[in-house]
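Report on the structure given below.
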Amino acid sequence: MPIGVGTWAWGNQFLWGYRSEQDAALQATFERAVQLGLRFFDTADSYGTGRLQGRSEALLGQFRSALPPEQRDRLLVATKLAPLPWRLGRQGLHRAFEASRHRLGGRLERVQLHWSTARYAPWQEGPLLEGLADLVAAGAVGSLGLSNIGPRRLRQVHQQLSRRGVTVASLQVQLSLLAPEAIAPGGVADVCRELGIALIAYSPLALGLLGRDPGAPLPATRGARRLLFARLQPRIGPLQDRLAGIARNRGVPPAAVALNWCRSHGAMPIVGLRSIAQAEAAAAAAQWTLDDAERQGLDAAAAALEVRMPANPFSSG
Ligand SMILES: NC(=O)c1ccc[n+]([C@@H]2O[C@H](COP(=O)([O-])OP(=O)(O)OC[C@H]3O[C@@H](n4cnc5c(N)ncnc54)[C@H](OP(=O)(O)O)[C@@H]3O)[C@@H](O)[C@H]2O)c1
């Protein structure tokens, strides 16, 4: 699967300005994405702010249920379960898993641990992973994935799970031209390649920044995303020029170039979508690839920048 879809914004008021009046547009976005062949959808039990927690899963479940069976069955829906401090022991995520599966309409193809607790509660993670592996072994879910785990810890988890015959299907980490750490030598991309784990790039557009024109007005919703864009946008001009140049030559939007940069480094980008036009751009981006010169030019433009996206504080080493 070349490109997948992220649904963090579906239900998130604070960062993404979600309102329930957007649901019809989100459903139309989802249906267009599926119609155009996008099959992988990522969500999480923590998506949705305040009383809306779980809304992303609920919407995804609702939208999927409304599809004709032949489309419904082709999808791969992956949720992430949060290792919250009170979710302890081998059964610690089982109730959360059932709740997610219920919100998703009874169908869930992959369960992922949302982040590693290795930095602050190293004893918590092992039993939780055993519990997720139990769910796979029992056939309750098709496969197991990880998220926000670094190269050293990834090797340990891979070993722990392979002892009982459960494979790690995927690892999702932040990866974009403004967060290229995963593909640095010795980074997690190398370990994924070696161990046969699919690498998934989250926030591949740096929350949308890489899909914008250099002079675009800041996002309307106040808060962290707007502040981040205000800080980064004035300092990434050379990268945006490089993206725009490739985009012009190929007759595609800059976002498509940024997504294909992730693919050129062996990752499947999961891009957050909120409109039919964005779904169409994502599906179109899956139809072509960057050549070596384009990739190298983007690598160099990214390396020359002095700013980066903030790293996820829950990522392990
Ligand atoms: N595992 C984790 O800890 C973790 C963390 C973060 C994200 N994720 C996953 O990764 C997914 C994607 O990341 P993300 O949502 O943070 O950010 P992203 O994919 O980098 O950016 C999404 C935003 O980009 C803009 N966009 C999309 N297509 C575009 C196009 N063709 N042209 C211009 N702009 C476009 C849209 O912004 P507007 O709607 O404002 O136009 C969209 O909301 C999430 O939805 C989530 O599923 C996982």
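The values are calculated or read from the model by the stated rules, or taken from the named source; none is laboratory data. Keep in mind the model is a prediction, meaning the values are calculated, not measured. In this analysis, Cβ positions are derived from the backbone assuming ideal geometry, glycine residues included, and neighbour counts consider all displayed protein chains. Keep in mind that these areas ignore ligands, DNA and RNA; they rest on the heavy atoms of the full protein, side chains included. Shrake-Rupley method; radii C 1.70, N 1.55, O 1.52, S 1.80 Å.
Here are some notes:
- Unique residue being of a type in the set (Lys, Arg) and in a loop (DSSP other than H, G, I, E, B) when the list is ARG64, ARG87: ARG87
- For GLY317: the one exception among (1) in contact with a helix residue (DSSP H, G or I) (Cβ under 9 Å, 6 or more places away or on another chain); (2) part of a helix (DSSP H, G or I); (3) surrounded by fewer than 16 Cβ atoms within 10 Å (Cβ to Cβ): (2)
- Counting only residues that are within 9 Å of the ligand (Cβ to nearest atom), among the hydrophobic types (A, V, I, L, M, F, W, C) and more than 10 Å from the chain's Cα centre (by Cα), the stretch 1-20 holds 4 of them.
- Filtering ALA182, ALA201 for residues that are crowded, with 21+ Cβ neighbours inside 10 Å, assigned to a helix (DSSP H, G or I) and touching a His at 6+ places or on another chain (Cβ under 9 Å) leaves a single hit, ALA182.
- Residues of the stretch 31-56 that are part of a loop (DSSP other than H, G, I, E, B) and aliphatic (A, V, I, L, M): LEU36, LEU38, ALA44.
- Residues of the stretch 44-72 classified as closer than 19 Å to ALA283 by Cβ and not hydrophobic (A, V, I, L, M, F, W, C), total: 5
- Pairs meeting the criteria (first residue in the stretch 198-223 and farther than 18 Å from PRO254 by Cα, second residue at pLDDT 90 or above and open to solvent by 40 Å² or more (accessible area, probe 1.4 Å), beta carbons under 7 Å, at least 6 apart or on different chains) are LEU199/GLY266; GLY223/PHE14.
- Single residue of the stretch 244-254 satisfying the filter (within 11 Å of the ligand (Cβ to nearest atom) and part of a helix (DSSP H, G or I)) that is most open to solvent (accessible area, probe 1.4 Å): PRO254
- Just one of the numbered conditions (1) within 15 Å of the ligand (Cβ to nearest atom); (2) open to solvent by less than 10 Å² (accessible area, probe 1.4 Å); (3) farther than 26 Å from ILE149 by Cα is not true of ASP42: (3).
- Some residue of the stretch 155-163 being in a loop (DSSP other than H, G, I, E, B) and buried (at least 20 other Cβ atoms within 10 Å of the Cβ): no
- ALA28 being open to solvent by 20 Å² or more (accessible area, probe 1.4 Å), within 16 Å of the ligand (Cβ to nearest atom) and in a helix (DSSP H, G or I): yes
- LEU88 vs. criteria over 30 Å from LEU305 (Cα atoms), surrounded by 22 or more Cβ atoms within 10 Å (Cβ to Cβ) and among the hydrophobic types (A, V, I, L, M, F, W, C): no
- Exactly one residue out of LEU195, LEU227 is more than 29 Å from TYR18 (Cβ to Cβ), hydrophobic (A, V, I, L, M, F, W, C), surrounded by fewer than 19 Cβ atoms within 10 Å (Cβ to Cβ) and within 22 Å of the chain's Cα centre (by Cα): that is LEU195.
- Across the stretch 255-281, the number of residues qualifying as assigned to a loop (DSSP other than H, G, I, E, B) and more than 18 Å from GLN172 (Cβ to Cβ) comes to 2.
- Within the stretch 189-240, the residues that satisfy the criterion of being of a type in the set (A, V, I, L, M, F, W, C), under 25 Å from ALA281 (Cα atoms) and within 12 Å of the ligand (Cβ to nearest atom) are ILE200, ALA201, LEU205, ALA206, LEU207, LEU209, LEU210, ALA216, LEU218, ALA220, LEU228, PHE229.
- All conditions in (1) under 26 Å from ALA281 (Cβ atoms); (2) away from the ligand (no atom under 16 Å from the Cβ) hold for ALA184, with the sole exception of (1).
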